[in-house]
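The values are calculated or read from the model by the stated rules, or taken from the named source; none is laboratory data. Only a predicted model underlies this, so the values are computations on that prediction, with no experimental measurement involved. In this analysis, Cβ positions are derived from the backbone assuming ideal geometry, glycine residues included, and neighbour counts consider all displayed protein chains. These accessible areas exclude ligands, DNA and RNA; they are computed on the full protein's heavy atoms, side chains included. Shrake-Rupley method; radii C 1.70, N 1.55, O 1.52, S 1.80 Å.
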Amino acid sequence: IDTDLVEALKIGYADGSLLKMIPKASELREGLVKLGVITAEGRELLGGCIVVPIPDPLTGQWTNLYGRGVKTPRHCYLPGPLRGVVNFQAARSSEEVVLTESVLDALSFHQAGIATAIPIYGRSGFTADHCDLRKREGVRRVTLALDNDDAGRKGTDALKGKLQAAGIVVRVASFPAGIKDANELLVSRNGDAGEA
């Protein structure tokens, strides 16, 4: 992945060493348990995950963390409501954005040279923060690039209707046959995913 993107979005990796580094009886550990970074059972929630901070689009302050397992295909967020928008800056710089079903898919668009990709949080994860950002920044056109499966198509239809009712011009991206999502497309291509 592009190192500039890693730096810009503050992407990291939780290697599982957090519990060893923090004193067992400390305010810091208690705070991390309260946030959900350390579970009530005493394990590191995001251990073994690529971690992407999710900022509030108004303040830029982190509101949540997204973790994508490296060895196991798991997605996880801190407990509580899904808030914030990864790459909210795209809506400030363009009247058209791409909405993807996951953070990893949005990062795949970025890697392929399309910097206006913003993830929602699952097929029905278009949150109030996404809606407020769209209105506030004057987004007029949206390309939906949700997963190429039954659930993704249902999510696309529902979100398309909601956006069109708000006066947004909506296009739907289509992935090649046998390709599930933007990340799979990126991995399957020989450096020309942007063209595809």
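Can you return the lysines within cross-link range of LYS154? Criterion is Cα-Cα under 20 Å, with same-chain partners fewer than 8 residues away left out.
List returned: LYS162, LYS180.
What's the whole-number percent of alpha carbon pairs in the chain lying beyond 22 angstrom? Mind showing how you got there, number by number?
Numbers: 9422 of 19110 pairs.
The share of Cα pairs beyond 22 Å in the chain comes to 49 percent.
Could you check how much of the accessible area of the chain is carbon and sulfur, as a whole percent, using a 1.4 Å probe?
Values: 5620 of 10680 Å².
Heavy-atom surface of the chain belonging to carbon and sulfur, 1.4 Å probe: 53 percent.
With just the Cα atoms of the range 124-196, tell me how far they stretch along each of the three principal axes, in Å, largest first.
38, 25, 19
Hand me the GluC sites (Glu not before Pro) from the range 1-52 located in a DSSP loop with no more than 13 other Cβ atoms within 10 Å, in residue order please.
Values: sites: GLU7, GLU27, GLU30, GLU41, GLU44; in loops: GLU41.
Answer by residue number: GLU41.
Once the Cα gyration tensor of the range 96-137 is found, what semi-axes does its equivalent ellipsoid get, as square roots of 5 times the eigenvalues, in whole Å, sorted largest first?
Values: eigenvalues 65, 34, 6 Å².
They are 18, 13, 5 Å, listed largest first.
Rg and Dmax in Å for the range 1-47, alpha carbons only: what are they?
Every Cα atom of the range 1-47 included, Rg and Dmax give 13.1, 39 Å.
By a straight-distance test (C-alpha under 21 Å), which lysines pair with LYS34 as possible cross-link partners, with residues fewer than eight away in the same chain excluded?
Correct list for LYS34: LYS20, LYS24.
In square angstrom, rounded to the nearest 10, how much accessible surface does CYS49 have for a 1.4 Å probe?
Rounded to the nearest 10, that gives 0 Å².
So which GluC sites (Glu not before Pro) in the range 86-133 are both in a DSSP loop and have at most 15 other Cβ atoms within 10 Å of their Cβ? Please list the in-between numbers first.
Details: sites: GLU95, GLU96, GLU101; in loops: GLU95, GLU101.
In loop regions of the range 86-133 (DSSP not H, G, I, E or B), the sparsely surrounded GluC sites (Glu not before Pro) are GLU95.
Three principal axis extents, largest first, for the C-alpha atoms of the range 37-102, in Å?
44, 25, 15
Under the rule that an exposed site lies in a DSSP loop and has at most 13 other Cβ atoms within 10 Å, name the longest stretch of the chain with no trypsin sites (Lys or Arg not before Pro) of that kind, not counting the sites themselves. Don't skip to the end; give the middle numbers.
Details: sites that count: LYS10, LYS24, ARG43, LYS71, ARG74, ARG140.
That would be 75-139.
Quick one: putting +1 on the C-beta of Lys and Arg, -1 on the C-beta of Asp and Glu, what dipole do you get for the chain around its Cα centre, in Debye to the nearest 20? Write down the numbers at each step before the final one.
Numbers: 24 positive and 24 negative charges, 95 e Å.
Magnitude of the dipole: close to 460 debye.
Rounded to the nearest 5, what % of the DSSP beta bridges within the chain are antiparallel ones?
Working: 14 of 26 bridges.
Close to 55 percent.
With a 1.4 Å probe and all protein chains left in place, how much accessible area per residue does the chain have, in Å²? Before the final figure, lay out the partial values.
Working: 10680 Å² over 196 residues.
So the chain comes to 54 Å² accessible per residue, rounded to a whole number.
When only the heavy atoms of the protein chains count and the probe is 1.4 Å, how do ILE11, ILE38 rank by accessible area, highest first? Please report the intermediate quantities before stating the final value.
Working: ILE11 30, ILE38 5 Å².
Solvent-accessible surface, decreasing: ILE11, ILE38.
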